[in-house]
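Chemist: Handing you this structure, nothing more for now.
The numbers here are math on the coordinates, done by the rules we state, and not lab data. Only a predicted model underlies this, so the values are computations on that prediction, with no experimental measurement involved. Positions of Cβ are backbone-derived with ideal geometry, glycine not excepted, and every protein chain shown enters the neighbour counts.
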Amino acid sequence: MKARELATILRKTANILEFYEDNEVNEALDQILLLVKQNSKTTKKDINKGKKGQKQVIEESIDIQGIINTLQQMDNKELEHYLNNEKLFQSRESLLKIAKEMSIVSSNRQTIAALKHSIIKYFERQNMDHIIRIDRKE
């Protein structure tokens, strides 16, 4: 550390300690530490509240049954194109929610691509089951 850097740090320290003129240095440092801890806790709480608020807005705005009905009417290529290009399906949380609603076994560790693949395969199996049922009836 150069002397100039140390001088700058000491000036900043002096400016801070001017707020605690009548206190002991240990008490002043304890109060400063307490303020920093309180400030960091409130900042973390604000950040977490913002994330939770965004997730709730996303969850409330999703019409899962409507999306599932739309996906059922598509063929495999349309379905894959829709899942890759629709903005809603770019987050893992929304894909997990849809997969859970369709009773697809999934986990938080799965990638977005794996979740999309599971959803596509689910609808492929649904279509195959439907074709088999129709053939059996005839």
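Chemist: Hey, can you rank 2-12, 109-119 by average C-beta count inside 10 Å, highest first?
Modeler: 109-119, 2-12
Chemist: What does the C-alpha gyration tensor say about the overall shape of the chain? Classify as rounded when a/c is under 1.5, otherwise prolate if a/b is larger than b/c, or oblate. Walk me through the intermediate numbers first.
Modeler: Numbers: a/c = 5.16, a/b = 3.80, b/c = 1.36.
Judged from the Cα gyration tensor, the chain comes out prolate (a/c at least 1.5, a/b above b/c).
Chemist: Describe numerically, in nm with one decimal, the distance between label points set 7 Å from Cα along Cα→Cβ at Ser40 and at Lys137.
Modeler: A separation of 6.5 nm, rounded to one decimal place.
Chemist: Still on this model: So what is the calculated 222 nm ellipticity per residue for the chain, using -39500 (n - 2.57) for each DSSP H run with n of 4 or more, over all residues, to the nearest 500 deg cm²/dmol?
Modeler: Computed mean residue ellipticity for the chain: -26000 deg cm²/dmol.
Chemist: On to the next question. Which of Phe19, Phe89, Phe123 moves the most in a Gaussian network model of the chain with Cα springs under 10 Å?
Modeler: With Cα springs under 10 Å in the chain, the top fluctuation among Phe19, Phe89, Phe123 is at Phe19.
Chemist: Further question on the same structure: So which helices of the chain fit the span-like rule, where a helix is a whole DSSP H run, its Cα atoms reach 27 Å or more along the axis, and its mean Kyte-Doolittle is at least -1.0?
Modeler: 25-61, 112-137
Chemist: Let me ask something else about it. Where does each of 77-87, 128-138, 92-102 land if you order them by average Cβ count within 10 Å, highest first? Present the calculation step by step, with values, prior to reporting the outcome.
Modeler: Values: 77-87: 13.3, 128-138: 8.5, 92-102: 17.3.
Going from most to least packed, we get 92-102, 77-87, 128-138.
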